[in-house]
Amino acid sequence: MTDKIHTDTQEVIEAISYQPGLQDSGDLEAGTKTITATVEATGVNNADYHTVMSLARPEDLRLTVIRIAARLAVTVDSMTAGQINCRVYADVQDAEHRLFDLHWTYAGDKLAAIDTCADNLSVIFNLLKDGGAHIFYCFCWLNTGNAVISLCQLWEGVGTCSTDWWGTDIVKLNYTGLASTASRLYVQGTGPLKHMLTDGNFNQGNFITDIITNKVIYSFGETTCLLEKGVNIHAACSVATDLTYLFGCTFILKNTN
């Protein structure tokens, strides 16, 4: 007599894909612009530069965007002023929508990057993660004299400018069960990046897998694992003015019913 195991269990396979990429305004200054204003202009119609960008949001509600970062590049060719001021707003010119608030005292290439999330610039974060188009306004003014600008460029992506080498979470998948994951990260900047996957209850000793490629251009990580509390994609930069962003990710989920 032979024992037999009988089951009606069927495997269900799902795929979740998210490809936010990088949003790039390009150079908003077609030539050069001489700044002479000594106070910040009032009204978005009076901004020195503006651009419209939008980030796709995940279609599956189990996938959540945790962090969106922005990077700004400005080239000041020359200045007679003691200080040039630069502010960038998202949609509205007020303190809650102020993305950058920068001050420079000498000419040259200027770079800045910042994260938005539930704990930092939350009003802007809630705007940028909704999948809609948003207008970014850039205002420049001086304490005296003049300054010449030849470059103004803005980037945004699902990512971070954090240099915390343990990695900062940028996307979370809420799921329990067997999953295969693949994700690709790039860096807008000059330094290497950090790319990690952790379970949903992240701490430094709780890795599903630790993917460290330390490539300047991109990193690609994939793994198959049994998830108890979901999976987070973490990222980090080695340069504080770089932007490490999620180019895309795919999750293959396997359930048995």
>> I need the full set of residues from the range 122-153 which are in contact with a strand residue (DSSP E or B) (Cβ under 7 Å, 6 or more places away or on another chain), within 20 Å of Val92 (Cα to Cα) and either assigned to a loop (DSSP other than H, G, I, E, B) or not assigned by TED's automatic domain parsing to the domain that holds Thr80 (or both), in order please.
In response: Lys129, Ala133
> If you go through the range 104-127 one residue at a time, do you hit one that is crowded, with 20+ Cβ neighbours inside 10 Å, more than 21 Å from Met53 (Cα to Cα) and either touching a residue at least 24 places away in the same chain (Cβ under 8 Å) or basic (Lys, Arg) (or both)?
Replying inline: no
>> Quick test of your reading of the structure: Glu156 fulfils all but one of (1) among the charged types (D, E, K, R); (2) closer than 30 Å to Lys33 by Cβ; (3) at pLDDT below 95. Name the failing condition by number.
In response: (3)
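For (1) buried (at least 19 other Cβ atoms within 10 Å of the Cβ); (2) part of a loop (DSSP other than H, G, I, E, B); (3) at pLDDT 90 or above; (4) touching a Pro at 6+ places or on another chain (Cβ under 8 Å), each residue gets a yes or a no:
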position	(1), (2), (3), (4)
Ser162	yes, yes, yes, no
Trp166	no, yes, no, no
Ala179	yes, no, no, no
Ser183	yes, no, no, no
Lys194	yes, no, no, no
Leu197	yes, no, no, no
Asn201	no, yes, no, no
> Just to be sure, is Gly205 modelled with pLDDT of 85 or more, small (Gly, Ala, Ser) and part of a loop (DSSP other than H, G, I, E, B)?
Replying inline: no
> Quick check: is even one residue across the range 3-22 farther than 30 Å from Ile252 by Cβ and not assigned by TED's automatic domain parsing to the domain that holds Leu142?
Replying inline: yes
>> What's the total number of residues in the range 64-94 that are hydrophobic (A, V, I, L, M, F, W, C) and over 28 Å from Leu246 (Cα atoms)?
In response: 4
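Residues checked against (1) among the aliphatic types (A, V, I, L, M); (2) within 29 Å of Gly21 (Cβ to Cβ):
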residue: Val52; (1), (2): yes, yes
residue: Arg57; (1), (2): no, yes
residue: Leu63; (1), (2): yes, yes
residue: Asp77; (1), (2): no, no
residue: Gln83; (1), (2): no, no
residue: Val88; (1), (2): yes, yes
residue: Asp91; (1), (2): no, yes
residue: Phe100; (1), (2): no, yes
> So which residues in the range 157-199 are closer than 16 Å to Ala240 by Cα and among the small types (Gly, Ala, Ser), if there are any at all?
Replying inline: Gly157, Gly159, Ser162, Gly167, Gly189, Gly191
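The values are calculated or read from the model by the stated rules, or taken from the named source; none is laboratory data. Since we're looking at a predicted model, the values are computed, not measured. Please note: Cβ atoms are built from the backbone with ideal geometry, for glycine as well, and neighbour counts cover all protein chains shown.
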